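The values are calculated or read from the model by the stated rules, or taken from the named source; none is laboratory data. It should be emphasised that the depicted structure is a prediction, and the values quoted were computed from it without experimental measurement. Here the Cβ is made from the backbone with ideal geometry for all residues, glycine too, and neighbour counts use every protein chain on show.
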Amino acid sequence: MKTISRLYRNYDQAAQAVRDLEAAGVPHKDISIVANNADNWYDEGNGVTKRVDRDADGVDDRAEGAAAGAGIGAAAGGAAGLLAGLGLLAIPGVGPVVAAGWLVATAAGAAAGGATGGIIGALTQAGVSDEDAHVYAEGLRRGGTLVTARVNDGDMSRLEGVLDRSALRTSDLRSNYTKTGWRSFDEKAKPYSADEVRQYRSQWQ
């Protein structure tokens, strides 16, 4: 088995990538999704209940999603598969996230056991390079959504193509971060505020 990960601008794009992976034959037990929830766009008790405008275009994203046939509410509350199991938790250095899947269980287990590394440890243990793991964790911290899947070696190229459709390029993210002096993800750092997350999301449009 190989592990592939991609970061997305927002939950909608990542959720579509999850549905595409499931349609391509990847079992949901082998897929994980982790989405930044610093601006409280997701409410665990009621699904999505607040105005959601992660792309800062002035239009509630749920309305846009409904027009496209795949709104957030449907993905979070009514879909079969991985997305039906979303829940809230906190990740050191990232803050509150909406998440589901095996990677989340690995990271949470490490935290509960007092192990260091959190999301970085979970990713590298799964086979993601240390360099990429830090970029993914920082992207998640800044408002992105991470999708990670365990796939058969022979299917890797095909499924990477599925994930690449709307993913952010890791090399572009790394270049953007290092321009401001960033070196690596710091799980002891203060999580970004809702305003800071919205600012970074707008830069990815």
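Working carefully through the options N10, N46, N40, find the one that is modelled with pLDDT under 95, crowded, with 16+ Cβ neighbours inside 10 Å and of a type outside the set (A, V, I, L, M, F, W, C).
Answer to the selection: N10.
Under 7 Å between Cβ atoms, which residue pairs at least 6 apart in sequence (or on different chains) link something in segment 69-94 that is at positive phi and surrounded by 15 or more Cβ atoms within 10 Å (Cβ to Cβ) with a partner that is part of a strand (DSSP E or B) and at pLDDT below 50?
Taking only residues 6 or more apart or on different chains, not a single pair turns up.
Of the residues in segment 124-170, how many are farther than 18 Å from A99 by Cβ, β-branched (V, I, T), in contact with a Phe, Trp or Tyr (Cβ under 8 Å, 6 or more places away or on another chain) and crowded, with 19+ Cβ neighbours inside 10 Å?
Adding up the residues that qualify gives 1.
Condition test on S193, is it touching a residue at least 12 places away in the same chain (Cβ under 8 Å), over 27 Å from E22 (Cα atoms), surrounded by 12 or more Cβ atoms within 10 Å (Cβ to Cβ) and of a type in the set (S, T, Y)?
Here the answer is yes, as S193 does meet what is asked.
Which ones in segment 127-151 are part of a helix (DSSP H, G or I) and over 14 Å from T3 (Cα atoms)?
E131, H134, V135, A137, E138, G139, L140, R141
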